[in-house]
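Reviewing the structure listed below.
The values are calculated or read from the model by the stated rules, or taken from the named source; none is laboratory data. For clarity, every value in this text was computed on a predicted model and none was experimentally measured. Cβ: placed from backbone, ideal geometry, glycine included. Neighbour counts: every protein chain shown.
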Amino acid sequence: MRIVIINGPNLNLIGTRSPEIYGSTTLDELDDACRTWAIDVGGEAETFQSNHEGDIIDRLHGAHDADAVVINPGAFTHYSYAIRDAIDAIGIPTVEVHISNVRDREAWRRISVVSEVCVASIFGRGVTGYRDAIRHLAARAAWPVETIAYGPDPDNVGDHLIPLGDGPHPVAVLIHGGFWRNTVARDLLDSAAVDLTRRGWATWNVEFVRVGSGGGWRATTADVTQAITSLSTFAEGHELDLDRVVLVGHGSGGHLALQAAIGIRELPIAAVAALAPIGDLEAAHEAGVGDGAVEAFMRRTPDQSPDRHVAASPVKNLPIGRPLLVIHGDEDEQIPVAISRSFAGRAADEGDTVIYHELEGVGHDELIEPTSPAWEKVVDEVDRLR
C-alpha cells in the first residue's frame with residue numbers, strides 16, 4: 001500500500017511554531033514517523049510539504065499511482081475549494097488531519113471545505129493523528145466496509161463489515177472510547193473490527209455525538225442506543241443474527257455499552273464485553289480520569305448533581321441483566337484497574353453473570369490492538385459469547 005502524506009502551509013515550522021499548540025515534533029521527525037507507521041501496516045509513505053496552493057494541487061493530481069492520501073492542508077482547509085476539488089477529482093481515499101483540536105479554537109478554524117470529500121477527518125491528537133490516519137486507510141483497504149447512517153446528525157453513522165461465508169452472522173457492536181470527547185472517533189477500533197470480521201463476526205463500529213460536538217450524557221447515550229437498535233433495520237439484507245449481538249466497548253465506550261445494555265429491550269443483547277470500562281462514574285471522577293472527563297460528560301460533578309450521576313453510572317444500576325465480560329490491564333494508566341475490579345465484584349453480588357480478567361503487565365490500548373497478546377485474550381473470550 002502506497003500512501004502520500006501532504007502537509008500544507010506553515011507545517012514546515014512545526015516544532016518551533018507555537019509548541020504549546022502543535023507540539024515539539026519537527027517536520028523531518030514527522031516525516032520519518034509517517035514512513036515508519038506506513039511500514040507497520042505493510043505499506044510505504046512518500047512525504048511532501050508546500051506553502052503554495054498550486055503545488056499541493058499538482059501533488060494531488062500526481063497521486064494517481066498511490067493507494068491513499070493523508071493531507072493536512074493547513075489554513076487552506078478553511079477556504080481552498082481548489083484543493084477540495086482536487087481531492088474529489090483524483091478519487092483516492094483521503095484522510096484529513098489536523099494536529100490541534102481545530103473545533104476548539106477560533107470560529108474560522110472550525111470550517112473545513114475539504115472534509116466532505118475525505119473518508120475521515122482526524123484532529124486534536126497531535127502528530128499521532130497521522131499514525132491513526134495511516135491505520136484507518138490500511139483497515140479500509142483490508143476489508144470492504146459499508147458506512148450506514150442511523151440518524152440525522154453527521155456523527156450518526158457506523159461502519160459495517162460482513163465476514164466471509166453464509167450467514168446469519170453473530171454481531172459485535174463496537175463502541176470506541178476517548179473519554180466521550182470528539183477528538184477520538186470510531187477509527188480507533190478499525191483494526192479490531194477487521195480482525196473480528198476475519199474471525200466470523202459481522203461488526204458494526206458506531207459513531208455518535210461526543211463532548212465538543214453536541215454530545216454529553218443524554219445525547220451521547222441516546223445516540224449509542226439508537227445505533228444499536230438500528231441493527232434491526234438492515235439485519236435481514238446483511239444476514240445478521242440478532243439473537244447473537246454482543247456489545248464491545250472500550251474505556252468510556254465500555255461505560256456506554258453497559259448503559260445501553262441496561263436500557264435496550266428491543267434487541268436480545270447476548271452479552272456485554274467491557275474492556276477497561278468506566279463502570280463507576282463517581283470513582284472515575286475522584287480518580288481524575290481523563291483530566292476532568294466525567295464532569296465534562298455529565299456537565300456536573302457528583303456533588304452538584306448526585307441523582308444525575310446515579311442515573312448515568314452502571315454501578316448504580318445493577319444488575320445489568322446481561323452476561324458480562326470485564327477485562328482490564330493492571331498497568332492501565334488511563335483508567336485505574338480498581339474501578340473494574342470493584343465493578344465486577346459488585347455486579348456479581350447483585351446477580352449478574354460476570355467473567356472478570358485482570359491482565360498482568362497490560363495497559364489501556366493493548367486491549368484493542370490486534371498485534372498485542374492482550375487482544376488475543378480479548379477475542380478468545382469474546383468468541384465464547386457468540
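So the values come out like this:
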{"quantity": "Where Leu11 falls short, out of the listed (1) over 25 Å from Arg105 (Cα atoms); (2) buried (at least 18 other Cβ atoms within 10 Å of the Cβ); (3) over 24 Å from the mean Cα position of the chain (by Cα)", "calculated": "(1)"}
{"quantity": "Residue satisfying condition, being of a type in the set (Ser, Thr, Tyr) and at pLDDT 95 or above, within set Ser313, Ser305", "calculated": "Ser313"}
{"quantity": "Positions within the range 57-89 being over 23 Å from Thr16 (Cα atoms), among the hydrophobic types (A, V, I, L, M, F, W, C) and buried (at least 18 other Cβ atoms within 10 Å of the Cβ), in sequence order", "calculated": "Ile57, Leu60, Ala63, Ala66, Ala68, Val69, Ile83, Ala86, Ile87"}
{"quantity": "Pairs where the first residue, in the range 362-386, is free of Cβ contacts under 8 Å to residues at least 60 places away in the same chain and the second is of a type outside the set (A, V, I, L, M) and assigned to a helix (DSSP H, G or I), C-beta under 6 Å, 6+ apart", "calculated": "Ser372/Glu366; Ala374/Glu366"}
{"quantity": "Candidates Glu381, Glu358, filtered to the one that is part of a strand (DSSP E or B) and within 29 Å of Ser191 (Cα to Cα)", "calculated": "Glu358"}
{"quantity": "Residue among Ser305, Ser313 that alone is over 18 Å from Trp375 (Cα atoms), of a type in the set (S, T, N, Q) and surrounded by fewer than 16 Cβ atoms within 10 Å (Cβ to Cβ)", "calculated": "Ser305"}
{"quantity": "Residue in the range 125-141 that is over 27 Å from Ile57 (Cα atoms) and not basic (Lys, Arg) present", "calculated": "no"}
{"quantity": "Residue within the range 262-272 that is touching a residue at least 60 places away in the same chain (Cβ under 8 Å) and within 20 Å of Gly345 (Cα to Cα) present", "calculated": "yes"}
{"quantity": "Subset of the range 336-354 that is touching a helix residue (DSSP H, G or I) at 6+ places or on another chain (Cβ under 7 Å) and β-branched (Val, Ile, Thr) - its residue that is surrounded by the fewest Cβ atoms within 10 Å (Cβ to Cβ)", "calculated": "Val354"}
{"quantity": "Residue in the range 212-221 that is touching a helix residue (DSSP H, G or I) at 6+ places or on another chain (Cβ under 9 Å) and aliphatic (A, V, I, L, M) present", "calculated": "no"}
{"quantity": "Where a residue in the range 283-306 is under 18 Å from Thr221 (Cα atoms) and its partner, wherever it lies, is in a loop (DSSP other than H, G, I, E, B) and of a type in the set (Gly, Ala, Ser), with Cβ under 7 Å and at least six apart", "calculated": "Phe297/Gly216; Arg299/Gly216"}
{"quantity": "Qualifying residues in the range 99-108 (those that are in contact with a helix residue (DSSP H, G or I) (Cβ under 7 Å, 6 or more places away or on another chain) and free of Cβ contacts under 8 Å to residues at least 60 places away in the same chain) - the one nearest to Gly23 (Cα to Cα)", "calculated": "Val102"}
{"quantity": "Only listed residue being modelled with pLDDT under 95 and more than 21 Å from the chain's Cα centre (by Cα), chosen from Ala107, Ala120, Ala86", "calculated": "Ala107"}
{"quantity": "Which numbered condition Asp155 fails, given (1) within 14 Å of the chain's Cα centre (by Cα); (2) without any contact (Cβ under 8 Å) to a residue 60 or more places away in the chain", "calculated": "(2)"}
{"quantity": "From the options Ile57, Ile83, Ile87, residue that is closer than 25 Å to Thr36 by Cα and either touching a strand residue (DSSP E or B) at 6+ places or on another chain (Cβ under 6 Å) or among the hydrophobic types (A, V, I, L, M, F, W, C) (or both)", "calculated": "Ile87"}
{"quantity": "Residue check, Gly165 in contact (Cβ under 8 Å) with a residue 12 or more places away in the chain, under 24 Å from Asp291 (Cβ atoms) and assigned to a loop (DSSP other than H, G, I, E, B)", "calculated": "no"}
